[in-house]
Amino acid sequence: MSLACAVRFAFGQGGPPMITDDPGTPGNGKWENNFAIAFEHRPDETTYDVPAIDLNYGVGEHIQFTLQTGPVLLKRSGNGLIGGLGATEAP
């Protein structure tokens, strides 16, 4: 009974949302360069973004040009390593 009463007064809590994209700009005439290594593993398959590239150039204080790309390597069991250019975005 006491557990049921305790649940009555429990409140759901969480932390602030995780920021997955940098909302700021690098500033007028400045560059921001981000490089990362990312991978994804599935049964019999692994892909590597080596490196994942994110280039940003500031135009004024509130606008930036962005280029996101990177080479991707794919390894499937029973096959050799293959690679190429991954998805490229210029939002």
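The values are calculated or read from the model by the stated rules, or taken from the named source; none is laboratory data. In this text, all values refer to a predicted model and were calculated from it rather than measured experimentally. Please note that ligands, DNA and RNA were not included when accessible areas were found on the heavy atoms of the full protein model with its side chains. Shrake-Rupley method; radii C 1.70, N 1.55, O 1.52, S 1.80 Å.
General remarks:
- Mean projected area in nm² (Cα convex hull; one quarter of hull surface) for region 19-91: 5.5 nm²
- Per residue, the solvent-accessible area of region 35-86 (1.4 Å probe, heavy atoms of protein chains only, all protein chains present) comes to 70 Å².
- Whole-number percent relative contact order across region 46-91, with pairs defined as alpha carbons under 8 Å at least 6 apart: 37 percent
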